[in-house]
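Below is one structure, written out as structure tokens; comments come after it.
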Amino acid sequence: MNKAQLIAEIQKILGKDATKTCAETALNAVLDAIKAGVKKNKKLQLIGFGTFSVVDRKARMGINPKTKEKIKIKACKAIKFKPGSDFKAK
């Protein structure tokens, strides 16, 4: 499912009075709130759905698949999602 299909599904769930623009605005608002929550608190927990959290990845050595040359991959932060029990059950 891509973003356009997700917007169409949200529109269907909201009912016949909802427009595509309304559904897109709702989706964008939720995604922006998730991003802001993770950035501010390093963790966002939605009971029944899952938990978004920031994890630190250490620097490591990797291999360029084309040249087989060893390269150093810098340390970085990444977002991790752990699904909740209700989400796993479905």
Subset of segment 22-35 (residues that are closer than 24 Å to S85 by Cα and aliphatic (A, V, I, L, M)): L27, V30, L31, A33, I34
Among residues belonging to segment 37-90 that are on the phi > 0 side of the Ramachandran plot and in contact (Cβ under 8 Å) with a residue 12 or more places away in the chain, point out the one that is surrounded by the fewest Cβ atoms within 10 Å (Cβ to Cβ). G48
Give segment 20-53 a look and list any residue that's touching a helix residue (DSSP H, G or I) at 6+ places or on another chain (Cβ under 7 Å) and not hydrophobic (A, V, I, L, M, F, W, C), or say none. K20, E24, G48, G50
Consider only pairs whose beta carbons are under 9 Å apart and that are at least six residues apart or on different chains; among these, list those whose first residue lies in segment 17-32 and is under 21 Å from F52 (Cβ atoms) and touching a residue at least 60 places away in the same chain (Cβ under 8 Å) and whose second residue is surrounded by 10 or more Cβ atoms within 10 Å (Cβ to Cβ) and among the hydroxyl-bearing types (S, T, Y). none
Please find, within segment 1-36, the residue that is nearest to the chain's Cα centre (by Cα) out of those that are open to solvent by 70 Å² or more (accessible area, probe 1.4 Å) and among the β-branched types (V, I, T). V30
Looking only at segment 30-48, decide whether some residue is closer than 26 Å to A89 by Cβ and assigned to a loop (DSSP other than H, G, I, E, B). yes
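The values are calculated or read from the model by the stated rules, or taken from the named source; none is laboratory data. These numbers were taken from a predicted model, which means no experiment stands behind them. In this analysis, Cβ positions are derived from the backbone assuming ideal geometry, glycine residues included, and neighbour counts consider all displayed protein chains. With ligands, DNA and RNA removed, areas are computed over all heavy atoms of the protein, side chains included. Shrake-Rupley method; radii C 1.70, N 1.55, O 1.52, S 1.80 Å.
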